[in-house]
Amino acid sequence: MTASIKTEPVFTVFIGLGSNLENPVQQIRTAIGAIQANKGINLVKASSLYKTAPVGPEGQPDYINAVVEVQTTMQPQALLATLQTIENQHGRKRQLHWGARTLDLDILLFDEQVISQPNLVIPHAHISERNFVLIPLLEITDDSLMIPGKGQLNDLLQQCRDNAIEKLDI
């Protein structure tokens, strides 16, 4: 008799990272390390860092943004809780919607799943409107990537408004 080994499903997930307070470049770098250090998460690829104008209230510093691809055995809500813990460890304060922050971690895509829950919407609700998400996503995937319910990555990027994005050479 052969013993069967039960394996957990592995999901491909893309996470958006953003910071515009307290050394944003370092915040993004340490956040990537913190994501990778979690059991059940394997970092596959990380995009370059990008400097972008803020979205939201005026008077904020520019953001540093990136996207990472991970493989995980975590379910969406468990991954969200893990990412929020990392945000909190980086001093994240939720005071003003779209306000300045030390770290913002967003689940952009979770395999090809479409999720609509009070605290979690996947694909990310604003993914198709933000070149600071689409450009780093394109860098680590390809333009034929399909965003469930939104369309092909290349088409979305062509329709997206310019947000003064600048790739950093660091």
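The values are calculated or read from the model by the stated rules, or taken from the named source; none is laboratory data. Computed from a predicted structure; not experimentally measured. Heads up, the Cβs are rebuilt from the backbone with ideal geometry, glycines too, and the neighbour counts pull from every protein chain shown. Quick note on the areas: whole protein, heavy atoms, side chains included, nothing else; ligands and nucleic acids left out. Shrake-Rupley method; radii C 1.70, N 1.55, O 1.52, S 1.80 Å.
If the cut-off is 13 Å between C-alpha atoms, which aspartates and glutamates fall inside it for Lys51, apart from same-chain ones fewer than 8 positions away? Those aspartates and glutamates meeting the cut-off are Asp62, Asp162, Glu166, Asp169. Just to be sure I understand, if you calculate Cα Rg over 2.2 N^0.38 Å for this structure, which of [x] 0.99; [y] 1.33; [z] 1.05 do you get? The value matching this structure is [z]. Computed over protein heavy atoms with a 1.4 Å probe, the accessible surface of the stretch 1-63 works out to 59 Å² per residue. Relative contact order, whole percent, for the stretch 48-157 stands at 23, derived from Cα pairs under 8 Å and 6 or more residues apart.
Run down the lysines and flag those whose C-alpha is under 24 Å from the C-alpha of Lys150, throwing out any fewer than 8 positions away in its chain. Within the straight-line cut-off, Lys150 pairs with Lys45. Using only side-chain charges placed at the Cβ, +1 for Lys and Arg and -1 for Asp and Glu, the dipole size of the stretch 89-170 relative to its Cα centre rounds to 580 debye. Solvent exposure of Asp142, expressed as accessible area, is near 80 Å², computed with a probe of 1.4 Å over the protein chains only. Place +1 on the Cβ of every Lys and Arg and -1 on the Cβ of every Asp and Glu in the stretch 50-147, take the dipole about the Cα centre, and give the residue among Leu103, Pro76, Leu138 whose Cα lies farthest towards its positive end. Positive-end residue among those listed: Leu103.
Rounded to the nearest whole Hz, the Karplus-based 3J(HN,Hα) values (6.51 cos²θ - 1.76 cosθ + 1.60, θ = phi - 60°) of the stretch 64-75 follow the sequence 10, 10, 7, 9, 10, 9, 10, 10, 9, 9, 6, 7, with x at glycine and proline. When +1 charges are put on Lys and Arg Cβ atoms and -1 charges on Asp and Glu Cβ atoms, the dipole computed for the chain relative to its Cα centre reaches about 520 debye. With Cβ to Cβ distances under 9 Å as the rule, what net charge do the other residues near Ser48 carry (K, R +1; D, E -1)? My count for the surroundings of Ser48 gives -1. Here the simple spin-label model places points 7 Å from the Cα toward Cβ, and for Glu22 and Gln117 these points are separated by 2.7 nm. Using θ = phi - 60° in the Karplus curve 6.51 cos²θ - 1.76 cosθ + 1.60, the 3J(HN,Hα) couplings for the stretch 153-170 round to 3, 4, 5, 4, 5, 5, 8, 7, 6, 6, 10, 6, 8, 9, 6, 8, 9, 10 Hz; x is entered for Gly and Pro. Summing charges over neighbours of Glu69, with a neighbour being any other residue whose Cβ is under 11 Å away from its Cβ, gives 0 when K and R count +1 and D and E count -1.
Straight-line reach from Lys6: taking Cα to Cα under 23 Å and skipping same-chain neighbours fewer than 8 places apart, the lysines in range are Lys39.
Hydrophobic, long helices, defined as DSSP H runs whose alpha-carbon span along the helix axis is 15 Å or greater and whose mean Kyte-Doolittle value is at least -0.5, occur in the chain at 24-36, 76-89.
If you roll a 1.4 angstrom probe over the protein chains with everything in place, what fraction of the accessible area of the stretch 79-170 belongs to carbon and sulfur, to the nearest %?
Working: 2360 of 5020 Å².
Roughly 47 percent, rounded to a whole number.
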